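We did not get these values from a lab; they are worked out from the coordinates using the rules stated. It should be emphasised that the depicted structure is a prediction, and the values quoted were computed from it without experimental measurement. Here the Cβ positions follow ideal geometry from the backbone for every residue, glycine too, while neighbour counts run over all protein chains shown.
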Amino acid sequence: MGLLDTVIGALAGGQGGVQATPGEAGTQGALLNAVIGMLANKGGGPGSGGGLGDLVGRFTQGGLGDVIGSWIGHGQNAPISGDQLGSVLGADMLGNLAARLGLSQGEVAGQLSQLLPQVVDRLTPNGEVPAGGLGGIGDILAQLAKR
C-alpha cells in the first residue's frame, strides 16, 4: 500500500485497515490537501501551483520532464529526491507549505517526493494530462478515491 492510500485511508477514518497516528494523519492530510490545491489551481498566485499543466512545465524547464512523464505515463514511476523537487517547485512554494504545516522545507520536500508521484499517477490513468485539466478540488478528490 502506498503513501497516498495510507493518507486517503487515514482521512476516511482508517477504513481499509489503515492506521495512522493523529499527528501523522493530520500532517499527511494537510499535505495531500496542499497538493490537491496546487493541482486544481489554474490561476496560480504567490506560492501556489497553476494546475497539472503548470507542474509539467516546471519539471520540463527544470530538466526533469522525463520524471514527471513517468508519473503520467504507464509503467513504473521514476523516483525524485526532495532536493530535486525543491528545485522544481521553488523556495517560495515550499516555504508556504512548510509554514502551513509547521515543518521545515526539507521535511515538506521529502514528504512531497513520496506523495506527489502517486497523486499525479492516479490522476492520469490514461497516461496523459487531461485536455481540460483535472477539474476542481471535488473532481480531484473523487478521482483519488477511485481504485
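Rounded to whole Å, the principal axis extents of the Cα atoms in segment 25-147 read 35, 31, 27, largest first. Using the Karplus curve 6.51 cos²θ - 1.76 cosθ + 1.60 with θ = phi - 60°, work out ³J(HN,Hα) for each residue of segment 80-85 in order, rounded to whole Hz, and write x for Gly and Pro. So the J values, rounded to whole Hz, are 9, 8, x, 5, 4, 5.
Applied to segment 133-141, the Karplus parametrisation 6.51 cos²θ - 1.76 cosθ + 1.60 on θ = phi - 60° returns per-residue 3J(HN,Hα) values of x, 8, x, x, 4, x, 5, 5, 4 Hz, with x for Gly and Pro.
Could you rank the peptides 61-72, 121-132 by their average count of other C-beta atoms within 10 Å per residue, with the highest value first? List each step's numbers first, then the result.
Numbers: 61-72: 16.5, 121-132: 13.8.
For the peptides 61-72, 121-132, the packing ranking is 61-72, 121-132.
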